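Report on one structure; see the data block that follows.
The values are calculated or read from the model by the stated rules, or taken from the named source; none is laboratory data. Being a predicted model, the structure only gives us computed values, none of them experimental. Neighbour counts are summed over all protein chains in view; Cβ atoms, including those assigned to glycine, are modelled from backbone coordinates with ideal geometry.
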Amino acid sequence: MAEGLPQQGQQMNFVPYSQAGLPALALLGAMFALPVPADAQTFSSSYTSTAPKDCRRIGKPGAEDGSTTQVCPGKSGLVVLISEGDLHETVSVGRTREAAAREPAAETWFGPFNSTAHTVEWRAVEGKPFAIIQRWLIADIDDEDKTGKPVSKPMLAVTRLPPGPVCHVAYIDGQANRDANELARQAADEFARDFKCGKDEVKVIGERGRAVDMAARQ
């Protein structure tokens, strides 16, 4: 999990080739000197860690299932709240731990055993984060390794950020799509800010694979 792209739908403006009287180098220079459209937006990625050493554990592990809750620093004053219990995780974001716990993302979990990688990618426009991308590992009980343990299948989840609710926007299968990271960034840039939590359906981007299929049966 995970990691600007050319803005979708933006058209390049070319100097008409009819200006043949200009020397070739002058024409080339004129092309590259064209002004950037006023409405162009600059997208970027930055990264934070959710490794235990970089986070703060809240309370003690649950006596029955060993459940844990940890708070990790994010970007622009946001924190990442990770709750784990019975080998299932939820990930949410908010200004505070309490705010993150009230978001829809804090109640979104997958049926199979799962975990998340320790890198969070923050998508931002003009420096303001609007989505995160994180790699999830979904345990496939129908595919066991030599020791009999389920093989984990990778999936990227795109989650929208405040203002507005925090919830999953899109899933990208990590094995079925060689360009999964780029697909996740495109999905974040195109859909996250206008996504309506609780109304819009989470999108599956790219080719479907085993991880996405398992996640869809949550």
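The listed residues are Thr68, Thr48, Thr90, Thr96, and the only one of them that is among the β-branched types (Val, Ile, Thr) and at pLDDT below 95 turns out to be Thr68. Is it the case that Ser76 is within 18 Å of the chain's Cα centre (by Cα) and of a type outside the set (A, V, I, L, M, F, W, C)? Taking the combined requirement at face value, the residue satisfies it. Selection of region 110-122 for residues being modelled with pLDDT under 95, buried (at least 16 other Cβ atoms within 10 Å of the Cβ) and within 24 Å of Lys196 (Cα to Cα) yields only Phe110.
The set of residues in region 167-190 being in contact with a strand residue (DSSP E or B) (Cβ under 8 Å, 6 or more places away or on another chain), part of a helix (DSSP H, G or I) and either surrounded by fewer than 18 Cβ atoms within 10 Å (Cβ to Cβ) or of a type in the set (Asp, Glu) (or both) consists of Asp189 alone. Within region 123-158, restricting attention to residues that are more than 20 Å from Asp179 (Cβ to Cβ) and under 15 Å from the mean Cα position of the chain (by Cα), the residue that is surrounded by the most Cβ atoms within 10 Å (Cβ to Cβ) is Pro129. Among the residues of region 126-166, those identified as assigned to a strand (DSSP E or B) and more than 24 Å from Ala106 (Cβ to Cβ) are Asp140, Ile141, Asp142, Asp143, Glu144, Pro150, Val151. Is there a residue in region 196-204 that is buried (at least 22 other Cβ atoms within 10 Å of the Cβ) and out of contact with any Asp or Glu (no Cβ under 7 Å at 6 or more places or on another chain)? No: zero hits.
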